[in-house]
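Since the structure comes first, as structure tokens, the remarks are kept for the end.
Bear in mind that the values in this text are calculations on the coordinates, not laboratory data. Given the structure is predicted, the values throughout are model-derived calculations rather than measurements. When we count neighbours, we look across all protein chains shown, and the Cβ atoms used for this are built from the backbone with ideal geometry, even at glycine.
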Amino acid sequence: MAKAFPEGFYWGGATAANQYEGGWDADGKGASTSDHLTGGALGRPRIITRDIDPDVYYPSHEATDFYHHWKEDIALYAEMGFTMYRLSVNWTRLFPEGDEEEPLQAGIDFYRQVFEECHRHGIEPLVTIQHYEIPWGIVTKYGGWANRQVIDLYERYCRTLFTEFKGLVHWWLTFNEINILATPAGAFNGAGLLPEGFEDRSPAFPGVESPKRRTERFQALHHEFVASAKAVLLAHEIDPDNHVGCMCCRGANYYAHTCNPADILAAEQAMRMDQFFCADVQVRGSYPGYARRYFRDNDVEVRMEPGDEELLRRGHVDFYSFSYYKSMNISTDPEVQKTAGDFTAGIPNPYLEQSEWGWTIDPVGLRIVLNRLWDRYQVPIFVVENGLGARDELTPDGHVHDNYRINYLRDHIVQMREAIEDGVQLLGYTWWGCTDLVSFSTGEMKKRYGFVYVDRDDEGKGDFRRIRKDSFYWYQKCIASNGTDLD
Ligand code: BGP
């Protein structure tokens, strides 16, 4: 028997509207950035299309149809014993273009019934306010988050959420993986910045950018910092029981590929700008010196208005949350660097295995990251995404034997327990994609994460039937024993 997790530790799962909800134009909903993204595959990038092409398959449009299966899915989460369910609200379900004065009642009603259903089952919702969903209207009319006016639109959206769902939601995340905006690949899904030279179609995740674009990207990020700080203050003002967190991609998961000091420095620097930077602003409340140096060295000019710095100081978040799937090696040797896969993968680590999608599986890395984060921030931490994307096989008699997922899950739970023993204040764990959903980076269905299988494939075929995988029963047992029964 393993040692129990602290009493009140939240166990659950996580999803995001753009990958799960479907119903993309139901009941007055507007289109978001994700609704303009085609499906992809390993080696074939997702494409942004200006217009919705009726002959193209857009995975978000139906996704795995939570919009029509929410009751059934929440019942399955309750059956597993979830005490927390992380989901995102789709901005365009409330404000179809992003800039309407008043929200759509149908959108509010939809989420209210979802949150009420969670509470009926004793599940606390954890809500991401912007998870790769920026209203397409904000992209075309405002140029995305590079435009300061978007802060006001987001504030109006947040005010609606905090007021309408007061008492139903106490846990909020302002932006999913805000730090993807610290790299060129995150410009579109992080801030709604269309690729440079965009006319009608472009790959969604560019690897290079012009100096002008770099400045726009960091300007957009600054606006999100200000918006996040305003949201924190507003959430506390409307309901002092609200807890608001930041959410960062990967925590702090870089390793130097060798003990060459040049590699160690490169890993440290990458970790600072790609990973610590955003949380340094959102948790500690100010821009760190190394970011100011990076701006000077790279000709980035971020315009701040009087009062912004004060706002960042006051609007710091209550807790830190992050997604953790893998660790990543950094090398200064161009030959070694070449062995990294696509932008989501990395240099193979000779001590560790990779998933089929090239993600390095590293449970001990989770303990390392948790300790690094705790040592730096000293605020409560949440692991709000962790999971294994794998190809599952449905047997003829209707089962999915996903031992590989159970092993991954167990190994990461063991390391979280170790981190708690190390002194880390860890509040909870929400496994990514608890019901199968669309992969964000590739737009595929076959990269599955769920404990619940959904009958849906990459051509849009399937009847959305839900099937419990073996991992469903394993997680149920783990939760019931508060993490002690890991056999
Ligand atoms: C995180 C995102 C999620 C989810 C997850 C898995 O970066 O916050 O939205 O997509 O990664 O990645 P993928 O879906 O690309 O396999």
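Of the listed pairs 166/230; 326/446; 71/166; 29/71; 3/166, which have alpha-carbon separations greater than 24 Å here?
The answer is 3/166.
For the chain, build the charge dipole from Cβ charges (+1 Lys, Arg; -1 Asp, Glu) around the Cα centre, then report which of 234, 434, 115 sits farthest towards its positive end.
It is 234, whose Cα lies furthest towards the positive end.
Tell me the relative contact order for the chain as a rounded percent, counting alpha carbon contacts under 8 Å between residues six or more apart.
18
³J(HN,Hα) across the range 24-37 via Karplus (A = 6.51, B = -1.76, C = 1.60, θ = phi - 60°), whole Hz, x for Gly/Pro?
Residue by residue, the range 24-37 yields 5, 10, 6, 6, x, 4, x, 7, 10, 3, 5, 6, 9, 9 Hz.
Using Cα centres only, tell me the gap between the range 72-104 and the range 221-300 in whole Å.
The range 72-104 and the range 221-300 have Cα centres spaced 26 Å from each other.
Does a label point 7 Å from the Cα of residue 166, set along Cα-to-beta-carbon, have any residues of the range 124-156 with amide nitrogen under 19 Å, and which are they?
Only 125, 127, 155-156 fall inside the zone, counting backbone N under 19 Å.
Taking the beta-carbon count within 10 Å as an exposure proxy, list 456, 272 from fewest neighbours to most.
272, 456
Rounded to whole Å and sorted largest first, list the principal axis extents of the Cα atoms in the chain.
Sorted from largest, the Cα extents of the chain read 59, 57, 48 Å.
Can you give the convex hull volume per residue for the Cα atoms of the range 276-429, as a whole number of Å³?
For the range 276-429, the hull spanned by Cα atoms encloses 171 Å³ per residue.
What does the charge dipole of the range 178-328 about its Cα centre add up to, to the nearest 20 debye, if the Cβ of each Lys and Arg holds +1 and the Cβ of each Asp and Glu holds -1?
340
Over the range 245-383, what is the relative contact order in whole percent, taking alpha-carbon pairs under 8 Å and six or more residues apart?
RCO, the range 245-383: 30 percent.
Given a cut-off of under 8 Å on Cα pairs at least six residues apart, what relative contact order in percent is computed for the range 210-272?
17
Please identify the GluC sites (Glu not before Pro) of the range 43-126 that satisfy two criteria: DSSP loop assignment and at most 11 other Cβ atoms within 10 Å. Which are they?
Listed in order of number, the matching sites are 101.
Evaluated at 4 °C with a viscosity of 1.567 mPa s, what Stokes-Einstein diffusion coefficient in µm²/s does the range 1-140 have when Rh comes from the Kirkwood expression over alpha-carbon pairs?
80
For 93, 148, what ranking results if the residue with the fewest other Cβ atoms within 10 Å of its Cβ goes first?
With the sparsest Cβ surroundings first, the list reads 148, 93.
Going by C-beta contacts inside 10 Å, put 368, 406 in order with the fewest on the left.
368, 406
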